[in-house]
Amino acid sequence: MEKRFKRHRDYGFFDQDIRLTKLSKLGDPLVKLNKEIDFEMFRPILEEALSKPAKGAGGRPPYDYVLMFKIMILQRYYNLSDD
């Protein structure tokens, strides 16, 4: 039996912006979180705890520590795993 997959919709130029505007009007928790918490105050603490010297030239630069911290908060908020 042949599997059939639903084709993803091609997004238009402004579709993503319209979607984010609608989410914000509904009370997007991400917008509320960013308004209430100054995440930049955690940057020095995160950089001190997580920074390590480069092992050599080249390689991929690390992800932004504040961004990863926000992702961890969202994972906890929505009860998500790393998988």
Dimensionless Rg/Rh of the chain, both radii on Cα and Rh by Kirkwood, sits at 1.11
Loop chymotrypsin sites (Phe, Trp or Tyr not before Pro), the range 10-83 (other Cβ atoms within 10 Å of the site Cβ: 13 or fewer; DSSP)
Tyr11, Phe13, Phe14, Tyr63, Tyr78
Compute the longest continuous run of the chain that contains no exposed trypsin sites (Lys or Arg not before Pro); treat a site as exposed when its DSSP state is not H, G, I, E or B and it has at most 15 other Cβ atoms within 10 Å.
10-54
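Read the figures in this text as sums done on the coordinates, not as results from a lab. Quick caveat: nothing in here was measured; it's all calculated off a predicted structure. Every residue, glycine as well, gets a Cβ built from its backbone with ideal geometry; the counts of neighbours run over all protein chains shown.
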